[in-house]
Amino acid sequence: MLKSIQNKYSLILMFVFLFAVQCSKKEETFVKSTTPKDESIVTLTDAQLKNTPIEITSLSVKNISTVLKINGKIDVPPQNLVSVSVPLGGYLKNTNLLPGMHVNKGQIIAVIENPQFIQLQQDYLMAKSKLHFAELDYNRQKKLNQSQASSDKVMQQAQSEMNSQRIMMNTLAEQLQLVNINPKNLNSGNIRKSVPVYSTINGFVSKVNVNIGKFVNPSDVLFELINPNDIHLNLKVYEKDLEMLKIGQRFSAYTNTQPEKKYSGEIILISKDINTDGTADVHCHFEKYDQNLTPGMYMNAEIETETSFSNALPEESIVNFEGKDYVFVEEKKQTYRMIPVTLGESENGFIQIKNVEDFNNKKIVTKNAYTLLMKLKNTASEEE
């Protein structure tokens, strides 16, 4: 009986012990499962390190230029932009101009027809004939007056008529020249109803606003011509940045459609007038003209404003994840930590580091940094 009681007691003690051990294991498992894993640490095995060779470096002092990034558009000074019109108007009889075509100074770019041209030539020839008659009459009256055969009044009237006809003829001559008719070459045998329109500059056609057969008024602009010799870039610079700019400073510009194609030049004029939007106009001249640059085209520009020594890293050290920049720092052999980094300007493959204090005396990964990022994020995804 006593032995039976002892056996039961021993069995109870054994169950109590097993239960306590099991609870201890569960508690340990629970504690382990609740311990957070550092998701900024990545460790490579020997095999991974062999396939992904890692190179490290430290912050180094580099000469980094501060670059001012601004935008503007292609502009042409008024003296290089020509609006072609016909002072007396008329019908466009002929033209072969298209936007982008090159024109030479003195080249016929259009022919205008107008019955008014005929009337103008007629009036001029008649005024010229009347002037000749008035001159003869004046000379006759002058001789008669000298011999006392004519009064001073008659001679003065003849002189007045001669002067009036001369004024009339000269006025009509100027009107003829406005429509490109040379009055000196005009006679009764070469009166015409159409006149040529000439290009006044060497350049190219910017706009064509008319078509053949259309009637144009004196105020209408038929064509717009551009002399590209002084085409320039008009940049909009905020007032706070003006002090960093000076005449002769170099710039590099590019369009949104072809950012890889750079156009260089220099600043030629800095406006002293601040616009209502807080910007001032900075005029820049291109080093070499390109016919693809047309007035009104928007461009981005970069201007190196100053050069200073800065702590920098190779650009390949930087990785970007979810819109933020990071670098990997060596914690110990084959183990690396991802740390946020604040970037500045870049030049010649190096980029300025602003939060320098976070990387003092630390080794930073320069080669295969993105491979470490992929390994880190893939490992985190698998453990989830």
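The values are calculated or read from the model by the stated rules, or taken from the named source; none is laboratory data. None of these values were measured; they are calculated from a predicted model. Virtual Cβ from ideal backbone geometry, glycine too; neighbours counted across all protein chains shown.
Taken as a whole, the structure leaves residue 326 outside the set of residues that are modelled with pLDDT of 90 or more and within 26 Å of the chain's Cα centre (by Cα).
Scan the stretch 87-114 for residues that are of a type in the set (S, T, N, Q) and under 33 Å from the mean Cα position of the chain (by Cα) and the total you get is 4. Do the conditions hold for residue 208, that is, is it in contact with a strand residue (DSSP E or B) (Cβ under 8 Å, 6 or more places away or on another chain), within 29 Å of residue 127 (Cα to Cα), surrounded by 13 or more Cβ atoms within 10 Å (Cβ to Cβ) and touching a residue at least 12 places away in the same chain (Cβ under 8 Å)? Here the answer is no, as residue 208 does not meet what is asked. Looking across the stretch 178-197, just one residue is surrounded by 13 or more Cβ atoms within 10 Å (Cβ to Cβ) and free of Cβ contacts under 8 Å to residues at least 40 places away in the same chain, and that is 180. From the residues in the stretch 270-301 that are at pLDDT 85 or above and of a type in the set (Asp, Glu), which one is farthest from residue 235 (Cα to Cα)? Among them, the one singled out is 287. Residues in the stretch 143-155 that are in contact with a helix residue (DSSP H, G or I) (Cβ under 6 Å, 6 or more places away or on another chain) and in a helix (DSSP H, G or I): 145, 154, 155. Being touching a Gly at 6+ places or on another chain (Cβ under 9 Å) and either closer than 30 Å to residue 218 by Cα or among the β-branched types (Val, Ile, Thr) (or both) holds for only one residue in 122, 116, 165, and it is 116.
Candidates 91, 9: the one that is modelled with pLDDT of 70 or more, surrounded by 10 or more Cβ atoms within 10 Å (Cβ to Cβ) and of a type in the set (Phe, Trp, Tyr) is 91.
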